[in-house]
Each structure stands twice: as C-alpha cells, then as structure tokens.
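See structure below.
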C-alpha cells in the first residue's frame, strides 16, 4: 500500500487533488481511497488531504500517520507546521515553490522535487495571482516525479474531476509534468520505490 | 497496467458484475445521493448539517438537472424536514431525508411519529458525536439515542454498502411498513472517496418497483391518520409495531439475499461473520471499525491466534438469533462500542448481554469503549482489545475504555507542535 499526504491551505484545491489522484489510480486498475483531514475547512487555514493506493480494495480506515509521499502545495507550511511528520525513510517530497531546488535543505534520505505550480496555474488562468489554484498542476508533477500514477490517467481524471475549465487544468498538469525538477537523476525520475 | 489487467482486477473485486452501470470514485455522502436517485424517491426534504451536507447538495444538483423527478423541499429545521417526509409518505410518496447528530436529536419527536404511523421513510444519518463539547467527528450516540423510536437501524462499513443499503432499505421499509435509518461514520465514510459500483437503473427498477401504499391520503376516500385513540386500542397498535420489527428480521435477510442475486453483493442480513469458523474469541463491532478490524484479525490469525469478528449491521431489530448462535460456538465475546450510555455501558454490549441472559450457552462477555468523538480506531486499537480478550478470563470492569489518556496527556495533545528539524528552511 502506498500512502500520500498533501499539505495545502483551504482554497488551493488539495482535497479535490487527492480525490482526482484516487480516480486516476482507479482508472489504471488499482484501488484507491482519498479523504481530507477530518476538520472544519476555512480558506487559508492549513488543510491536509490523503490518498491511499493498493492492488486490492482499501480496508484501512484510519488517518495516515506514516506517508510514503508528501505533496506540499504551499511552501510556507514547511515553516509553520510539522509537514514532515512521519514521512517514511526514502520518502519523496514534492514542493510547489519558485525557489531553486539547490536552495532547499532537506535530509538526504528523502527524494525532493520542486515545481512552480503557482506560476503554471496563473498562466493557465487557474485562479488569481494572489490565490492560484495549484492542485491540478501539482498532480502532473507528482506523476512524473514518483511514477505512482501515469500522466494519461491523471489528465483523464482531471478532465472529469474539476468543476470548471477542464482544458486549462489538463494543460497545466501536462506543463508541470515537463517542468518538475528533482534531486533524483533522470533515470530515477518516475521509478521511485519506497520501502 | 494494461486494460486487460485492469478489467481482471476489478472483476475479481465485484466491480464488473453485469448489474454495474459504471464505477465512480465518490464520497459516502454521494453514494447515498446516487442511491436515492436510483430508488426514484419522490420527495426529499432536508436541512444541511456537517458532515451530512454532501448528501443533500448532490441531491439538489440531481433534482435541478432533472435527473430525478422529485420534489425537493428546503426546510427551516430538521423537525420540519421529518414533518415533510411524514406528510409525503402519508400521501403515498417515497420520501427521503438526511441528517446528523444535533439535527437528528431535533427530529426526535417526529421519529416516533413516523414509526407510529408505520411510514416507510428512509433517512441517512451521518454519525456525529453529540455536543457539548462541540464535535463534528464520529461516534454513534446520536443514532443509538433514538433506538426506542421504532426505526430500523443499519450501520454501513463502506461507501458501496451505503448505496446498497439505501436500495435495500426502501424495499424492506415498504414490506414491513417501518421507517429505516442508515448510519454512516462522519468523515471516515462521509468525506472519504472510494470506488462505488453504480447499478443499472433497469435492474434497480426490477428489484425496487414504485411504492404502492396500503393507505394514503386521498380526497376521494377520506381517512384519519394518527388520530386520538383510547386505551382500548393503543396497546394493540403498539403490539403490531413490535411485531413488524420482529418480522423485519426475516425480511432483512431475504431482501439481502435477493439483492445478492441481482447485484452480486451481500452483507449477511443483520450481521456478517468474519473468520469465525474456528474462532474461540470473537469481537463484535459495527460501521467502519469493522473494516479496520478485518486487517487486525488477518494479522492475528496469521500469528496463530484463534480470533474472529462479527459485524453488527442491524442494531434495530437487534440480531438476537445470530448472537445466540455465535455464543454457542465461542469461548469469549468482546463488544467494541463507539458509544456510551451514561450510568450503564456501551449500548451494543448492553443489548448483547441481555440477549445472552436466557441463552442456553453464555460465553464470557467483555465490553469495550473506543473511538468516541472521532478518536481514531486503528488496527492497533483493535489488537489491544484482542490482546485484552486473550489475556483475561473475565473483564476487570463492566466497561473497559481503550486508549483513554490522562488529563495531562489530553492537554498537551491539543496544540500542533511545529517542526523543529525543518523550521529553519529560509529559502522557501
């Protein structure tokens, strides 16, 4: 079983992203479950969303405490909340940031990738510059970075799962798929396995 | 993974049964909404409350798109929502509402009214802890507090079971003339998305034709409904309600097996046993905790422990025969309640104990309280309980609380500690 935790802020679309991810995985023939942090949602407040992936129906119905993959929709959360809590050894961290990957200081045990999902989203007219909707861009980057799910399934699930602008969202995901930068070498990109 | 592999995998997991129209990855609230659409409900009246809101949001969308020809009545309270359903049901319509927690409590008076009038109303209740202190998280005190209102009560383990049980419920309700409440855990099901097979409409129509009310408001044939009645007849009407609930047991079993024939999914009727064939110690519990408990049972059995599980799917009518039958086969029964009756014990435990008092064989019985107010029930929680059952010949007290913190621990757990290791990352 693969467990993914997404950190965002209310309004960024993290909960929808976790759900689209689950749909994409199901399209590929595996089973998935997604859920938000069980709480009251407020715009701007830290929000968690989770996706579980397995080859058989997911029976585990608990919170995710030790994720394999982290997706951080808002890099400021890294300073204000315990984003890395429980991340498994050898896990991956994907961050939406305009900062260069060389400038990030994370322990070497993790594979790290960055993508400027905010910039991509704004250029595809997804949200305003002050509040870009980065959820679909980040999924494209996640697909390339981790290989957990293929980009075709992601794009199809995005088209079905977003309430508006399916073409723009799909295009943003594909652009982020190309733009993601990782500390892992090109050969490793997309073939990360977590134990 | 190729398309053929995909089909193969999903076939093995019952998602490619001939009855399936499509499979959607949806949350529990929406599984209820799709079932209401498939059941061709005619009147929906509801008031939104977290975490039930998704049920009526989706339904209002379905009705406004004319995908369901129903009257959607927006009301000012849950009391009015149930009043509307009662009126609609008396007029012969198939009626639906959904609520949660405080909303259900506000309906209380009318729950008696619906059952006393023998109306086959179906309601989805998203189980949420009662306030104060305010909570939006799961436990079962809200619905179990309504146990004596005359409603049939089901507890669902998965989103698929929510959809399937709503369809079964209309059939059962209209046979026995009793209202039915389908309960699903707040957030753990209500806000969790997972694959749900949506059956084909024509097969649902075969299984569940339109309602034919025995009695209904009809200006051409005037009748009085719910009028004053004297002591000479009230008791007999109560006996009939009691008898209808007794009869519901067999109807629930039959409808579940008919459902299985048509749709390929069965839930065992009132209970489902898991790994009990050779089990010496069995844990009874309900709702989503069952799903997680299956994992714990598999683990413990792989280590050689003779443990099993009984899922309590129906709480009303209570599965008397099933529990007495289990009691004949095992040494110890534990009951994990996600509820507490103050001054007594957990409610499923209480009822199990009552059922076994006159039973020919009475194994040792243990009552556990866990998961109140959304406290996570993990495989470890369940394993702690099995461990207690394995290591004790008798319970040390009438209720054993699992995972209870000291007051100091619960104070320090309230704040989220910020990252120390990563807090200094200035480049972000």
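Every read-out reported here was derived from the displayed coordinates using simple, explicitly stated rules and does not represent laboratory data. Everything numeric in this text was worked out from a predicted model, so none of it was measured. Heads up, the Cβs are rebuilt from the backbone with ideal geometry, glycines too, and the neighbour counts pull from every protein chain shown.
As a footprinting exposure proxy, order B:275, B:84 by other Cβ within 10 Å, with the fewest listed first.
Details: B:275 16, B:84 21.
Sorted ascending by nearby Cβ count, the order is B:275, B:84.
For chain B, what does the helix formula give at 222 nm: sum of -39500 (n - 2.57) over DSSP H segments with n ≥ 4, over the residue count, nearest 500 deg cm²/dmol? The partial results should precede the final answer.
Working: 15 runs with 175 residues, N = 428.
It lands at -12500 deg cm²/dmol.
Provide B:225, A:145 in ascending order of the number of other Cβ atoms located within 10 Å of each residue's Cβ, fewest first.
Working: B:225 13, A:145 29.
Placing the least packed residue first, the sequence is B:225, A:145.
Give the distance, in whole Å, between the Cα centre of the stretch A:82-136 and the Cα centre of the stretch B:48-80.
The stretch A:82-136 and the stretch B:48-80 have Cα centres spaced 38 Å from each other.
Taking N as the number of residues in the stretch A:117-168, what is its alpha-carbon radius of gyration divided by 2.2 N^0.38 Å?
On the way: Rg = 11.0 Å, N = 52, 2.2 N^0.38 = 9.9 Å.
Dividing the Cα radius of gyration by 2.2 N^0.38 Å gives 1.11.
How far, in degrees from 0 to 90, does helix B:234-263 lean away from the longest principal axis of the Cα atoms of chain B, to the nearest 10?
Taking Cα atoms only, the helix is inclined about 70 degrees.
What average number of partner chain Cβ atoms lie no more than 10 Å from the Cβ of the residues making up A:24-33?
Values: counts 1, 2, 9, 4, 6, 10, 6, 7, 4, 7.
Mean partner shielding for this stretch: 6.
Can you give the mean number of other chain Cβ atoms that lie within 10 Å of the Cβ atoms in peptide A:50-59?
Numbers: counts 1, 1, 2, 0, 0, 2, 3, 8, 5, 11.
For this peptide, the per-residue mean of nearby foreign Cβ atoms is 3.
So what's chain B giving for Rg/Rh, alpha carbon basis, Kirkwood Rh from the mean inverse pair distance? Walk me through the numbers before you get to the answer.
Details: Rg = 22.4 Å, Rh = 22.8 Å.
Taking Rh as the inverse mean 1/r over Cα pairs, Rg/Rh reads 0.99.
Helix B:320-329 versus the longest principal axis of chain B: what is the Cα-based angle in degrees, 0 to 90, to the nearest 10?
Long axis of B:320-329 versus the principal axis of chain B: about 30 degrees.
What's the FRET efficiency of residue A:110 with residue B:361 using the Cβ-Cβ distance as r and R₀ = 60 Å, to the nearest 0.05? Could the numbers behind the result be given before it?
Numbers: r = 56 Å, r/R0 = 0.94.
Efficiency at R0 = 60 Å is approximately 0.60.
What order do you get for B:333-344, B:229-240 when each peptide is scored by the mean count of other beta carbon atoms within 10 Å, highest first?
Values: B:333-344: 20.7, B:229-240: 9.8.
Going from most to least packed, we get B:333-344, B:229-240.
When the convex hull of the C-alpha atoms of the stretch A:1-130 is computed, what volume per residue in Å³ does it have?
On the way: hull volume 15.2 nm³, N = 130.
Output value, Cα hull per residue: 117 Å³.
Seen from all sides and averaged, what is the projected area of the convex hull of the Cα atoms in the protein assembly as shown, in nm²?
Numbers: hull surface 120.5 nm².
With the hull built on Cα positions only, its mean projection is 30.1 nm².
Length gain on complete extension for the stretch residue B:71 to residue B:266, per 0.36 nm per residue less the alpha carbon to alpha carbon distance? Mind dumping the intermediate values first?
Details: separation 195, 0.36 × 195 = 70.20 nm, distance 3.15 nm.
Gain on extension, residue B:71 to residue B:266, equals 67.1 nm.
Angle check, please: helix B:78-90 long axis (alpha carbons) against the longest principal axis of chain B (alpha carbons), in degrees 0 to 90, nearest 10.
Compared with the principal axis, the helix lies near 50 degrees.
Please compute, for peptide B:192-201, the average count of beta-carbon atoms on other protein chains lying within 10 Å of each residue's beta-carbon.
Values: counts 11, 15, 11, 10, 0, 0, 0, 0, 0, 0.
That works out to 5 on average.
Per-residue ellipticity at 222 nm for chain A, helices alone: DSSP H runs ≥ 4 residues times -39500 (n - 2.57), over residue total, nearest 500 deg cm²/dmol?
-9500 deg cm²/dmol, from helical runs alone.
Going by how many other beta carbons lie within 10 Å of each one, how would you line up B:108, A:124, fewest first?
On the way: B:108 15, A:124 22.
Least to most surrounded, the residues fall as B:108, A:124.
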